[in-house]
């Protein structure tokens, strides 16, 4: 199974997630989300895993999210416009952002990761 982990090295949650993978000897490809955000195709794929809930893809506690005033704009934004915005700015994407051939997981919840990455 190929696992892509989009993460930010200075994010404490991402560090916990990487440690989780390393402790279980799970092979993964780590990608700095600020240098290479997920592609539009990957973001649309993840949307399918979160039942089309666009807001779940956003780092709602992030500085860029607040600066852009997305808390008031996101509700009226078309999903394609949201995907375009996320693909251009990795700091807007909730992390870690993990994709395999068959599933996707956003954020780090150990039980969720255990189930998804068996």
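The values are calculated or read from the model by the stated rules, or taken from the named source; none is laboratory data. Just so we're clear, the structure is a prediction, and the values are computed from it rather than from any experiment. Ideal geometry is used to build each Cβ from the backbone, glycine not excepted, and the neighbour counts take in all protein chains shown.
Results, tabulated for the structure shown:
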| item | result |
| --- | --- |
| One residue from 52, 48 being in contact with a strand residue (DSSP E or B) (Cβ under 9 Å, 6 or more places away or on another chain), under 25 Å from residue 74 (Cα atoms) and surrounded by fewer than 12 Cβ atoms within 10 Å (Cβ to Cβ) | 48 |
| Residue that is surrounded by the fewest Cβ atoms within 10 Å (Cβ to Cβ), among those in segment 1-23 that are touching a residue at least 40 places away in the same chain (Cβ under 8 Å), in a loop (DSSP other than H, G, I, E, B) and over 14 Å from the mean Cα position of the chain (by Cα) | 2 |
| Only one of 62, 104 that is touching a residue at least 24 places away in the same chain (Cβ under 8 Å) and in contact with a strand residue (DSSP E or B) (Cβ under 7 Å, 6 or more places away or on another chain) | 104 |
| Residue match in segment 38-60 (condition: at positive phi and touching a helix residue (DSSP H, G or I) at 6+ places or on another chain (Cβ under 8 Å)) | yes |
| Number of the condition not met by residue 118 [criteria: (1) at pLDDT below 95; (2) over 15 Å from the mean Cα position of the chain (by Cα); (3) not in a loop (DSSP other than H, G, I, E, B)] | (3) |
| Tally, over segment 70-90, of residues that are at pLDDT below 95 and either assigned to a loop (DSSP other than H, G, I, E, B) or under 12 Å from residue 6 (Cα atoms) (or both) | 2 |
